[in-house]
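Participant: The structure's right below; bear with me while I get my questions together.
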Amino acid sequence: MNISKKLILIVILTVTVASVTIFSAFEIAKGAKFHQLNFLHLKYINQLTKSFESIRQGAPINTNTIKKDILVIRQQPIECLLQANVLNKFIMNIINTSQALTICKKDIMIANTALESISQYENSEITRNEFITGLEHAIYNFNKNSNEFEQPINKTVTFILITLIPLVLIISMLNIIIISYLSRTISSSIRNLTILLSSKSKDNANLDDDLESNTTDELKALIIAAKQRIKKDLLNLEFSKELQAIVKTQTASLQQANDELAQFAYRASHDLKSPLSGAKSLAQFIIQDIKTGDTDEAINNAKKIHQQMEKLEKLVIDILALAKADIGSEDVTKIDFDQLIVDMTERLDWLIKDNNCTFEATMRLSKTITSEKARFAQIIENLVSNGLKYHDKNKASSYVKCDIFDRGNELIIIVSDNGLGIPKQYQSQVFDMFKRFHVDTSSGSGIGMALVKKHIEYFDGEISLESSTAGTTFKVTLPMDKIV
């Protein structure tokens, strides 16, 4: 299986486990909802009983009050029937507890009969004594049904607990094992390729044999394409006076690529391993919680596993986006920057509100830009979200501004903020992969700014920054003849 398919499988497994875990948590919480409804049922029955005792002692009959009490009593069995989904009904039929739903239906019928009796009394169709007798019979049946309701519900909730929690644990453990294996094979493939490319002791024949037997199809295709490109360039420049200088340049570039690939393999392996190790430990805690009967803590730890898997999914998506950044796209269209900003603001709305920031954008374009919209969206969104994440909580008001305009044969994008700023000693590392300088303030994969640089280099553009404790300003300059 090639690397891209493994990454897709990791995402599918992660989403599946998260979905099963959330569904199980909702089903377990539903048991508490049934008990709560029965408690309210008893409460309102007691309320009706007080009114009934007062009437039996000679007080006048207030039909509006009694009708209100019966309506709220009827509401609990109605909600019980609405809460019971197809799965609940199926389980109840299997474990022979479907009488709980039958009891709810009886309660509704009793309440409807009592409401009809009220109408008959108001229309003088029955006497006071007949009304009191009917009401007493309804209260008796309400109490009886409420008591009978508890036993099948307890049995159903217990069955769901002892079934769903082990199921979630088994699926989570299988997911962790499979993802750990897939991640290890991906890391191993990249690491082996890095070692082979970095080896100075192998001649070309041995290197080709090792690449053929020890690398995956995708990496093999990448190396073959690179080798063909290099061979073609060397043939074209074979008789050139600059051949030696170009060979040195190619060698230096290849060494730099090898170094970057080695760094990427190490950091990607480390960042992929971290959430998996966390999920594995949490799974052990869940097993202990179930043994001790602490289902609340088990659910809490299951949610933490879900968060770890979301972190892993975000990292995988960012790695895929970075891998695609150097590849040209045929999706060229007229770019509506106003709509692009609106769409981006909707996606970042939660971040703007959570960090109590304001965001402003201005566009001053004299010509229509036709280019790859996705690249511009990622450049602007990563720069803006970076400013939102690293806002300064100690400042009275935080803001991020984006200014887009053209000047001659250049398109300019300026994103500024009044956030924490980037320490001077780290400013040269801003666009490196997996670099984050305020880890206590915000979290992320550390790939966003590297992706921005990749897109800008794709257009032969430039990006610069100015940063201090007063804030940070990024300036992107793109040549028009490269983006259109």
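The values are calculated or read from the model by the stated rules, or taken from the named source; none is laboratory data. Quick caveat: nothing in here was measured; it's all calculated off a predicted structure. Here the Cβ is made from the backbone with ideal geometry for all residues, glycine too, and neighbour counts use every protein chain on show. We work out accessible area using only protein heavy atoms, side chains counted, and drop any ligands, DNA or RNA first. Shrake-Rupley method; radii C 1.70, N 1.55, O 1.52, S 1.80 Å.
Participant: Here are ASP338, ASP318, ASP331, ASP403: which of them is at pLDDT below 90 and more than 24 Å from the chain's Cα centre (by Cα)?
Facilitator: Numbers: ASP338 fails: at pLDDT below 90; ASP318 fails: more than 24 Å from the chain's Cα centre (by Cα); ASP403 fails: at pLDDT below 90.
Testing whether each residue is at pLDDT below 90 and more than 24 Å from the chain's Cα centre (by Cα) leaves just ASP331.
Participant: When you go through LEU478, LEU411, LEU451 one by one, which is the residue that is in a helix (DSSP H, G or I) and either modelled with pLDDT under 85 or crowded, with 20+ Cβ neighbours inside 10 Å (or both)?
Facilitator: Among LEU478, LEU411, LEU451, only LEU451 is in a helix (DSSP H, G or I) and either modelled with pLDDT under 85 or crowded, with 20+ Cβ neighbours inside 10 Å (or both).
Participant: Could you tell me how many of the residues in the range 409-425 are closer than 20 Å to GLU462 by Cβ and either of a type in the set (Val, Ile, Thr) or free of Cβ contacts under 8 Å to residues at least 12 places away in the same chain (or both)?
Facilitator: 5
Participant: Then there is this: With open to solvent by less than 60 Å² (accessible area, probe 1.4 Å), at pLDDT 80 or above and within 30 Å of MET92 (Cβ to Cβ) as the only criterion, which of ILE170, ILE165, ILE153 stands out?
Facilitator: ILE153
Participant: Something else: Check SER124, SER98, SER117 and return the single one that is of a type in the set (Gly, Ala, Ser), free of Cβ contacts under 8 Å to residues at least 60 places away in the same chain and open to solvent by 50 Å² or more (accessible area, probe 1.4 Å).
Facilitator: None of the others qualify; the one that does is SER124.
Participant: Further question on the same structure: Just to be sure, is PHE23 at negative phi and open to solvent by 30 Å² or more (accessible area, probe 1.4 Å)?
Facilitator: Details: at negative phi: yes; open to solvent by 30 Å² or more (accessible area, probe 1.4 Å): yes.
In short, yes.
Participant: Also: Using beta carbons and a limit of 8 Å, which pairs, at least six apart or on different chains, have the first residue in the range 341-357 and farther than 22 Å from PHE405 by Cβ and the second one buried (at least 18 other Cβ atoms within 10 Å of the Cβ) and of a type in the set (Lys, Arg)?
Facilitator: LEU351/LYS389; ASN355/LYS389
Participant: Quick check on the range 393-406. Is at least one of its residues within 14 Å of PRO479 (Cα to Cα) and surrounded by fewer than 20 Cβ atoms within 10 Å (Cβ to Cβ)?
Facilitator: Scanning the range 393-406 turns up at least one residue that is within 14 Å of PRO479 (Cα to Cα) and surrounded by fewer than 20 Cβ atoms within 10 Å (Cβ to Cβ).
Participant: Across the range 127-146, what is the number of residues that are open to solvent by less than 60 Å² (accessible area, probe 1.4 Å) and in contact (Cβ under 8 Å) with a residue 24 or more places away in the chain?
Facilitator: 10
Participant: Sort through ASN386, ASN382 and tell me the only one that's open to solvent by 20 Å² or more (accessible area, probe 1.4 Å), part of a helix (DSSP H, G or I), touching a residue at least 24 places away in the same chain (Cβ under 8 Å) and closer than 21 Å to ALA470 by Cβ.
Facilitator: ASN386
Participant: A further question follows. Which of the numbered conditions does LYS68 fail, given that it passes all the others? Conditions: (1) in contact with a helix residue (DSSP H, G or I) (Cβ under 7 Å, 6 or more places away or on another chain); (2) surrounded by fewer than 18 Cβ atoms within 10 Å (Cβ to Cβ); (3) not β-branched (Val, Ile, Thr).
Facilitator: Checking LYS68 against (1) in contact with a helix residue (DSSP H, G or I) (Cβ under 7 Å, 6 or more places away or on another chain); (2) surrounded by fewer than 18 Cβ atoms within 10 Å (Cβ to Cβ); (3) not β-branched (Val, Ile, Thr), the one that fails is (1).
Participant: If you check ASN112 against the conditions, is it within 18 Å of LEU40 (Cβ to Cβ), open to solvent by 30 Å² or more (accessible area, probe 1.4 Å) and of a type in the set (S, T, N, Q)?
Facilitator: Answer is no for this residue.
Participant: In the range 44-51, is there at least one residue being closer than 19 Å to LEU81 by Cβ and at pLDDT 75 or above?
Facilitator: Yes - at least one qualifying residue is present in the range 44-51.
Participant: Of PHE52, PHE34, which residue is closer than 21 Å to GLU122 by Cβ and either in contact with a helix residue (DSSP H, G or I) (Cβ under 7 Å, 6 or more places away or on another chain) or crowded, with 19+ Cβ neighbours inside 10 Å (or both)?
Facilitator: Working: PHE34 fails: closer than 21 Å to GLU122 by Cβ.
Only one candidate passes the filter, namely PHE52.
Participant: Then there is this: Looking at the range 89-104, can you tell me whether even one residue there is closer than 30 Å to LYS155 by Cα, in contact with a Leu (Cβ under 9 Å, 6 or more places away or on another chain) and in a loop (DSSP other than H, G, I, E, B)?
Facilitator: No: the range 89-104 contains no residue that is closer than 30 Å to LYS155 by Cα, in contact with a Leu (Cβ under 9 Å, 6 or more places away or on another chain) and in a loop (DSSP other than H, G, I, E, B).
Participant: Among the numbered conditions (1) within 27 Å of GLN57 (Cα to Cα); (2) without any contact (Cβ under 8 Å) to a residue 60 or more places away in the chain, tell me where CYS104 comes up short.
Facilitator: Just one mismatch for CYS104, condition (1).
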